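Below is one structure; the comments refer to it alone.
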Amino acid sequence: MGRLLFYDPILSGNKDVACATCHQPEFNYAEFMETSIGVNGMGNGSKRHFLIPNDIPFTKRNSQSVLNTAFNGIKNHEPYRAESAPMFWDLRAKGLEEQALLPIATLEEMRGNSVTEENILAEVVERIRNIPEYYQRFAAVFAGDPNPVNEKNLGKAIASYERTLIATNSRFDQYMRGDSNALSLSEKDGLRLFLKTGCAKCHNGPMLSDYKLHTLGVPDSKNREDSDAGINGAYAFRTPSLRNLRYTAPYMHSGRIANLEQVLQFYEDISGGKIPNPKVKPEQMDTLATQMNVNFKDISRIVQFLNTLNDDDFDKSVPERVPSGLKVKGNVE
């Protein structure tokens with residue numbers, strides 16, 4: 001049921017955007033635009049564009065992968081609580097159940113102008129309740145609930161599907177499980193340099209992320225006129241996981257860095273005193289980043305290691321239809 005909802009644009013105000021519009025399996029449940037076109041968009045991948053006339057902005061930030069979000073916040077030797085898992089670039093939501101509902105209420109992502117922010121979730125729930133197939137599925141799953149189709153259960157259904165989207169058998173995983181031949185000598189050297197340069201101070205643990213906010217001075221998105229200072233005004237954004245990096249370019253919260261080589265060059269630059277975002281003050285910069293020791297000559301070997309974090313074996317299946325009868329994945333074709 002959660003899978004059908006994930007691909008069904010019935011969740012959006014104008015019935016043109018699904019969760020899968022910006023989180024597509026062929027793009028690692030993300031996409032490769034700097035920032036996304038949600039409401040009033042048409043097309044797929046690099047061909048996606050706004051319909052005319054348009055008064056909807058690009059989304060505020062780069063579309064993060066849904067893959068492995070089931071493990072967000074997990075750390076070595078610490079208790080894990082799924083309901084407290086950090087979500088989004090700014091940590092504004094905890095747990096996939098809360099995360100699943102927020103894009104529905106966001107103007108540029110899924111809501112649009114046809115329904116107010118205050119009313120959109122009630123509107124979506126009512127739509128779903130009036131579709132017999134959905135109602136029957138909700139009633140079966142939430143059998144003890146006299147009102148099975150509600151906001152809370154909607155979040156639970158989508159979250160339950162998102163938790164099935166995992167990829168945890170990369171060559172690095174195999175190496176960590178004891179297969180010394182899973183990495184080549186140059187990839188092992190890249191791992192050594194990854195640790196030596198200080199990357200692992202933030203990119204650590206099972207998901208290679210500390211899930212904390214850091215101010216790095218990343219340039220703002222070119223697709224929006226407003227500057228994105230983050231949730232606390234400090235231009236601080238969450239450390240992303242490094243898993244399946246090959247498929248999630250471009251990088252950073254604003255999508256301004258095109259490839260992994262340029263990401264490492266960015267860290268070399270800021271450790272040398274550069275601040276690419278003129279709105280960020282030197283005293284705001286995170287010392288964990290500015291004290292890194294990335295050298296140009298090491299970049300290619302670190303990238304070789306980063307490419308061992310990819311795992312292609314995850315569920316890429318797409319339903320042939322959704323209960324609403326609308327286009328699967330919304331207006332992507």
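Quick notes on this structure:
- Prolate/oblate/rounded label for the stretch 120-239 (Cα gyration tensor, a/c 1.5): oblate
- Loop-located GluC sites (Glu not before Pro) in the stretch 86-190 (DSSP state other than H, G, I, E, B) with a sparse environment of at most 16 neighbouring Cβ atoms within 10 Å: Glu117, Glu118.
- Considering every alpha-carbon pair of the stretch 182-264, the percent of pairs per 5 Å bin, from zero through the bin containing the longest distance, is 3, 13, 18, 25, 21, 10, 5, 3, 1, 0.
- Counting only Cβ charges, +1 for Lys and Arg and -1 for Asp and Glu, the dipole size of the chain around its Cα centre is about 500 debye.
- Over 31 Å (Cα to Cα) - which of Lys188/Lys329; Lys279/Lys316; Lys222/Lys329; Lys152/Lys201; Lys15/Lys222 fall in this group: Lys188/Lys329; Lys279/Lys316; Lys152/Lys201
- Contact order normalised by residue count of the chain, Cα under 8 Å, 6+ apart, percent: 26
- Between the stretch 1-72 and the stretch 257-333, the Cα center-to-center distance that results, in Å: 18
- Counting only Cβ charges, +1 for Lys and Arg and -1 for Asp and Glu, the dipole size of the stretch 171-309 around its Cα centre is about 220 debye.
- Pair-distance distribution of the chain: all C-alpha pairs, bin width 20 Å, starting at 0; shares per bin in whole percent are 30, 57, 13, 0.
- This ranking places Asp210, Asp55 by how few other beta-carbon atoms lie within 10 Å of each, fewest first, which gives Asp55, Asp210.
- Shape box of the stretch 254-333 [Cα atoms, principal axes, largest first, Å]: 55, 33, 20
- The C-alpha atoms of the stretch 2-162 occupy a region whose extents along the principal axes are 46, 44, 28 Å, arranged from largest to smallest.
- Options Asn153, Phe58, Thr287, ranked by Cα towards positive dipole end of the chain, top entry (Cβ charges): Thr287
- Hydrodynamic radius by Kirkwood, which averages 1/r over all alpha carbon pairs of the stretch 171-309, in angstrom: 15.7
- Unit charges on C-beta of K, R, D, E only; dipole of the stretch 235-293, Debye: 240
- Ranked list, fewest to most other Cβ atoms within 10 Å of each Cβ, for His214, His253: His214, His253
All of the numbers you see were taken from the coordinates with simple rules; none came from a lab. Keep in mind that what you see is a predicted model, and the values were worked out from it rather than measured. Glycine also receives a Cβ, built like all others from the backbone with ideal geometry; neighbour counts cover every protein chain displayed.
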